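The values are calculated or read from the model by the stated rules, or taken from the named source; none is laboratory data. Remember, it's a predicted structure, so these values are computed and weren't measured experimentally. As a convention, Cβ positions derive from the backbone with ideal geometry for all residues, glycine included, and neighbour counts pool all protein chains shown. Surface accessibility is based on the protein's heavy atoms, side chains included, excluding ligands, DNA and RNA. Shrake-Rupley method; radii C 1.70, N 1.55, O 1.52, S 1.80 Å.
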Amino acid sequence: MKHPLSPDALPLDRRAVDLLMLSTGLTLLPHLPHLPLFIPLFCAVFALWRWMAAHYAWALPGTPARTALTLTALGGIALVFGTVFGRDAGTGLLTLMLGLKLLETRNYRDAVVVLFLDYFLGIAVVLYSQSIPTLVYLVLVLVVITAALIELNQPARGHAPLRAMLRRAGVLMLQAVPLALLLFVLFPRIPGPLWGLPQGGGTGGLDDSMSPGSITHLSRSDAVAFRVDFDGAVPPPAHLLYWRGPVLWHTDGRNWTADRDRTVSPPAAGPGFTPLDAATLEYTVTLEPHGRNWLYALDLPLSVPPGAHRTRDLFLAADKPVRQLTRYTVASSPHYRTAALGAAERARALQLPAANPAARALGAQWRAQAADDAAVVERALDYFREEPFHYTLEPPPLPGDAVDEFLFRTRRGFCEHYSAAFTLLMRAAGIPARVVTGYQGGELNPLGDYLIVRQRDAHAWSEVWLEGRGWVRVDPTSAVAPQRIEQGIDSVLPTAQRGLLRDFEGGALDALWQHSRLAWDTLNARWNQWVLAYGPENQAAVLARLGLRSWATTALAVLAGIALLLAALGVVLLSRRWNRIDPALRHYQRFCAKLARRGLVRAPAEGPAAFGARAQGQWPERRAAIASINELYIAIRYGSHYSADRIKQLRRAVAAFRP
Amino acid sequence: MRPHAAAPAPGGDSSPLLNKVIAGIGRIVLGKDEVIRLAVTCLVARGHLLIEDLPGVGKTTLAHVLARAFGLRFQRIQFTSDMLPADILGVSVYDHDGGAFKFHPGPVFSQVVLADEVNRATPKAQSALLEAMEENQVTIEGETHALPQPFFVIATQNPAHQIGTFPLPESQLDRFLMRLRMGYPDRAAERELLLGADRRELLQRLPATVAAEELASIQSRVTTVHASAALVDYLQAILTHSRESPLCQYGLSPRAGLALLRCAQASALLDGRGHALPEDVQAVLPSVVGHRLQPAEGQSAHAAAELVAQLAAVPIP
């Protein structure tokens, strides 16, 4: 039993309750978008109840009512989420329990528990978003919670103004920054997402299958797929910017998939290709999480980043799905010749569905008329170029035999229509062919000197296997809409798709908009690069550069860093104290120490004049020097002649003094 | 050795003049240079002086000489046990010719008052003098009479354990800026005293070295002596030590601190310095604080003296 007057048992006053409400409310706010509506609603009711109890003396619920509410909340969570574990259910449960805790918050101790829960729930926001605005908001919330904690711990419960407490909380947070930085860099990073939770990262982006319209819907998304820093400052020309993703072999005439049964291409035994020249492109990709394994790289990746492999289809795949921001460096060879085609692969590359008889007939007809495979390819591209085909974001629906419908009736399509139709035609002509998906192009951000590749840059193209040349990339879309490849997707999008400020296009406002958009993206890119992508691999690299190769030395470095910080703090505090000591006194003490070494010790209560006289008596030959030091010291410290000049004079005189 | 003058006191250096006075007094009161110096310091600091010692060690002579050297009017009041306040302050008597009461000022209306054996009088009579000292004026029957300026009381007291005395209460001891003890003269000085001319005769021949107005101007200069932050630090260290010591009942009061500071400033002025030094504080310390400290219960009678010694040894910050 606590003493009735111990601070733990002190009832909370209204102001403390208000502060609890404020910090809890601010903590809950960023969770609203992903919580089922009933949870914040319940919390609001509980908070209101507690507030009325504080301001209008409402009764708080008793133990039976609270128990019933708690069980109901647990049941509700289990019902809605099907579990009480995991990110979403866990956050929901934590939120509800925090609301319930408010109902039994009677004294100081309860309030502290609520604030600690606030800290925890605040940090839980990071499980959902790690963007800069989230961080800024989170820091503000932490300042408010800390201010509330300060208020609770005011010894006399004297009400300092909220602003003063916020300032103090802010100062506390700033003081914690060096330690946070140290731990950020040195604290061991665990591979994989926090707590191994399956995270929601991986919405949007390319799938491992393709059907008419699947890439078209991506073209409406401004979301960043990945960003690329090139080793050489100049990004390669647009016709080289094919970011290779999954390769699709199997088709039923409408849909394309990687294979009939296997979705992930197996790792390749060797590189699978030989570079034709020494030209390489080196770049670092910062890939947004997309929930799939593949890592985008330019045709064709020479090197493989750690934790990934090169598939037989010559795209890169990570060992685990990319669920968090990933950063990897690749070198690609733009000119290459792939290895020979095996019999099984040739069979897969010639697989034809029963559907689309007209298209197959057309392919067969070209085969009959052409001299060789390359001529068939040219014929097909000419067909797309010369017939009235249109490149459009709004292709009409294709019922029945999709390729036949597209080739002979609608003739309006997006890249997936062209690549699917082209690949089918090639196979009909007996040429091994496959569809490659990925991204094409990207926007150069001149502010950060890097390439932004967005979801709307998603693209599909084809590869045909030509005797003597291996797999050759053919992009039928470029035959229809060459500007899509050369100038990017923006050049072919209807103006309605280009953003809010189309009315001001070309004007100063538009330029400003473009500039601030790119600046913001640069900031995000750096944030990704330096903060979010700082995983175990990057940390290992940084630590290696710091000379910390084992965890033992790293732990030592962490401890040494903390000790150093504390020492720095001590030095600051001491030097403040030291600075309060008169510099004149410091110099005089040095003078006394010099005399003490020669055996003349000043008694603690011996005044400067008396000691000076004694010293002059002891060393009559040094009389003048001692007298002048004494005179200066007395004039500075006891006279009204304090000046930096005299202190400097004193310092010099003491330094020159040799007893 | 006294520290030489680093910077003269503002408003002219009065130290040669004062030192001339001290030397002059020293030719009459022999072998008591330190006491004379402190007495002059006390006078310059506008404080009153209590001299505590046995009869016949030269208390009266010192008071007399001081008055004479500064050209001040001198009165001596011999305190007795049947003394009344009116014997000190004066009385109003009905004047037949004028048809009104006329105030006849008592012996306190003088510039230097020697209150001899102040502890032999009753507390009532003592209070009359002490009130006059405090307020620099006398109020009788509703009429206020200002005391002449400068007004300097030298009270002498026999050591308190003598029979038939009323020792001054602590609160009244506090009114005296300094308490001095004369002590016996040393052998050489006493020999000169015994062989030399009559002191009273010498006294009559002593010229007034300082004019009264000059004294007033010197007195007003005391507070202009610079007391640096470092000096005040030292002074406060002394005060704090006295308050934390178990030896005495109470520590030094703020008034004691102020007295210490004034005396240190006056001492610096006597040395012709424009700033006070820790040495000044140390020089006046025993005289200023000695009578303000009372041994704590259970401590020996020497506790106060012991504490004074400790205070003098407080490290200079």
- prompt: Among the residues of the range A:203-219, which ones are in contact (Cβ under 8 Å) with a residue 12 or more places away in the chain and farther than 24 Å from A:THR326 by Cα?
  reply: A:MET210, A:SER211, A:PRO212, A:GLY213, A:SER214, A:THR216
field: Residue among B:GLU134, B:GLU143, B:GLU117, B:GLU190 that alone is surrounded by fewer than 18 Cβ atoms within 10 Å (Cβ to Cβ) and closer than 15 Å to B:LEU49 by Cα
entry: B:GLU134
- request: Please give the helices (runs of 4 or more DSSP H) falling wholly within the range A:10-109 in which 1 or more residues are touching a strand residue (DSSP E or B) at 6+ places or on another chain (Cβ under 9 Å) and under 23 Å from A:ALA124 (Cα atoms).
  value: none
query: Which residues, taken from the range B:243-284, are part of a loop (DSSP other than H, G, I, E, B) and either hydroxyl-bearing (Ser, Thr, Tyr) or within 11 Å of chain A (Cβ to nearest Cβ) (or both)?
result: B:SER245, B:TYR250, B:SER253, B:ASP271, B:ARG273, B:GLY274, B:ALA276, B:LEU277
Hey, B:ASP233 farther than 29 Å from B:GLY183 by Cβ and of a type outside the set (Val, Ile, Thr) or not: yes
message: Just to check your reading of the model, which residue among B:LEU260, B:LEU293, B:LEU269, B:LEU285 is open to solvent by less than 10 Å² (accessible area, probe 1.4 Å) and more than 17 Å from B:THR41 (Cβ to Cβ)?
response: B:LEU293
- line: Residue count, the range B:213-233, condition assigned to a helix (DSSP H, G or I) and either open to solvent by 20 Å² or more (accessible area, probe 1.4 Å) or within 14 Å of another protein chain (Cβ to nearest Cβ) (or both), comes to 13
- line: Over the range B:84-114, the set of residues hydroxyl-bearing (Ser, Thr, Tyr) and loosely packed, with under 13 Cβ neighbours inside 10 Å is B:TYR94
- line: Counting only residues in the range A:82-98 that are open to solvent by less than 50 Å² (accessible area, probe 1.4 Å) and free of Cβ contacts under 8 Å to residues at least 60 places away in the same chain, the one nearest to A:ALA59 (Cα to Cα) is identified as A:LEU96
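When you go through A:PRO30, A:PRO11 one by one, which is the residue that is modelled with pLDDT of 90 or more and under 30 Å from A:LEU140 (Cα atoms)?
A:PRO30
Name the helices (runs of 4 or more DSSP H) wholly within the range A:534-652 that hold at least 2 residues that are touching a residue at least 40 places away in the same chain (Cβ under 8 Å), closer than 30 Å to B:GLU279 by Cβ and within 14 Å of chain B (Cβ to nearest Cβ)?
In the range A:534-652, A:583-597, A:623-637 are the helices (runs of 4 or more DSSP H) which contain 2 or more residues that are touching a residue at least 40 places away in the same chain (Cβ under 8 Å), closer than 30 Å to B:GLU279 by Cβ and within 14 Å of chain B (Cβ to nearest Cβ).
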message: Which residue is nearest to A:PHE226 (Cα to Cα), if the candidates are limited to the range A:449-491 and must be within 28 Å of the chain's Cα centre (by Cα), open to solvent by 10 Å² or more (accessible area, probe 1.4 Å) and modelled with pLDDT under 85?
response: A:ARG456
field: Residues of the range B:234-257 classified as surrounded by 14 or more Cβ atoms within 10 Å (Cβ to Cβ) and in contact (Cβ under 8 Å) with a residue 60 or more places away in the chain, total
entry: 9
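Yes/no per residue for (1) buried (at least 16 other Cβ atoms within 10 Å of the Cβ); (2) modelled with pLDDT under 85; (3) out of contact with any Leu (no Cβ under 7 Å at 6 or more places or on another chain):
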{"site": "A:CYS592", "(1), (2), (3)": "yes, no, yes"}
{"site": "A:ALA596", "(1), (2), (3)": "no, no, yes"}
{"site": "A:GLY617", "(1), (2), (3)": "no, no, yes"}
{"site": "A:ARG622", "(1), (2), (3)": "yes, yes, yes"}
statement: The condition from (1) surrounded by fewer than 21 Cβ atoms within 10 Å (Cβ to Cβ); (2) charged (D, E, K, R); (3) out of contact with any Gly (no Cβ under 8 Å at 6 or more places or on another chain) that B:ARG68 misses is numbered (1)
- prompt: Across the range A:404-438, what is the number of residues that are touching a Leu at 6+ places or on another chain (Cβ under 7 Å), crowded, with 24+ Cβ neighbours inside 10 Å and over 20 Å from A:THR392 (Cα atoms)?
  reply: 3
task: List the number of the failed condition for A:ALA68; all other conditions in (1) farther than 17 Å from A:VAL114 by Cβ; (2) at pLDDT 90 or above; (3) surrounded by 13 or more Cβ atoms within 10 Å (Cβ to Cβ) hold.
output: (3)
